[in-house]
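> One structure follows; several queries about it will come next.
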Amino acid sequence: MTGVYPVRELKARGFTDARIRKLERSGDLTRLRTGWYAENAADPAVRQAVAAGGVLSCVSALRHHGIWLPPADGRVHVRLPLRDRCDDRSCRGYGQMPPLSGAVDPLLVAYNCAARCLDDEGFVAVSDSILYKTDYGLADLRGAVAAGPRRLMDLLEYCDGRAMSGTESIARVRFRGAGLKVKVQFYIRGVGYVDLLIGDRLIVECDSREFHTSASNYQTDRTRDRKSLADGYITIRVTYEDVMFRWDEVLRDVLVLVKRRAHRGRRLGA
Ligand SMILES: [Zn+2]
């Protein structure tokens, strides 16, 4: 629910013109533009997009759809009608875009727009998140940005729907970019799946805000670390902040371990 409604929807729910005017006077409804109203609890980003004459789109719409996104740029991303496509404020996708409909763009339309606004690793992480969290597959993502530059198709080759968080996606892309061999969601008997495995035995667990906050997760994480250590693995844990804001430091430490060949060879317990 966005809390933003076209007048036809209000009327379909039985609101008369007189009732709408009354709610507007009492401050319970605000007219955003001709034919569009918002209730007080409306999503502020959707409200802003519709008031600007467009729909919530691009990365802002993806966030609305529950997709993981890199740190926000503080802007509400809006798609304006075709006649305003040269307007700097309008995000636009590749190829022919569907006409505006509703208050929030459908996921794949928003994804096509976001392909212009995201950098390469952000695009991979967002694609991973769509594959992980929705029923859309790689073919759907390829189709959505088919009119885009060849680069996008190449980046989609690096996507992995097994990644459980955007933090993990970004870490994977960057480790591989640094020339490291990384396995995704590697299964260890007695431990379960670990996020990333570098070489034979260096585990990197990406503690996302979404999955590692509860007391039971806290305990589970410690048990996993102990069991994997007993089995000869080394675990490092990185947070969202480590990956997004302190990556140089993280990579430096991992490369020190790799230089010592701590990621290689027989596991201590093997
Ligand atoms: Zn955008």
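> Enumerate the helices (runs of 4 or more DSSP H) found wholly within the stretch 127-192, keeping only those where 2 or more residues are among the hydroxyl-bearing types (Ser, Thr, Tyr). Steps first, answer last, please.
Working: elements: 138-144, 150-156, 166-177.
Hits in the stretch 127-192: 166-177.
> Checking the condition surrounded by 17 or more Cβ atoms within 10 Å (Cβ to Cβ) and either within 13 Å of the ligand (Cβ to nearest atom) or in a loop (DSSP other than H, G, I, E, B) (or both), which residue from GLY66, GLY102, GLY53, GLY74 passes?
GLY53
> Another question, if that's okay. Can you name every residue in the stretch 77-99 that is of a type in the set (Lys, Arg), touching a helix residue (DSSP H, G or I) at 6+ places or on another chain (Cβ under 8 Å) and part of a loop (DSSP other than H, G, I, E, B)?
Within the stretch 77-99, just ARG92 meets the criteria.
> Of the conditions (1) on the phi > 0 side of the Ramachandran plot; (2) assigned to a helix (DSSP H, G or I), GLN219 clears all except one; give me its number.
Among (1) on the phi > 0 side of the Ramachandran plot; (2) assigned to a helix (DSSP H, G or I), GLN219 violates only (1).
> Here is a check on your reading of the model: is ALA146 small (Gly, Ala, Ser), buried (at least 22 other Cβ atoms within 10 Å of the Cβ) and either outside the structural domain of ARG31 (by TED's automatic domain parsing) or within 16 Å of the ligand (Cβ to nearest atom) (or both)?
In short, no.
> Six or more apart or on different chains, Cβ atoms under 8 Å: show the pairs whose first residue is in the stretch 141-168 and in contact (Cβ under 8 Å) with a residue 60 or more places away in the chain and on the phi < 0 side of the Ramachandran plot and whose second is surrounded by fewer than 22 Cβ atoms within 10 Å (Cβ to Cβ) and part of a loop (DSSP other than H, G, I, E, B).
These pairs meet every condition: SER165/SER208; SER165/GLU210; SER165/PHE211; GLY166/LEU69; GLY166/PRO70; GLY166/SER208; THR167/SER208.
The values are calculated or read from the model by the stated rules, or taken from the named source; none is laboratory data. Here the structure is a predicted model, which is why all the values come from computation and not from measurement. For neighbour counting, all protein chains shown are included, and Cβ atoms are generated from backbone atoms with ideal geometry for every residue, glycine included.
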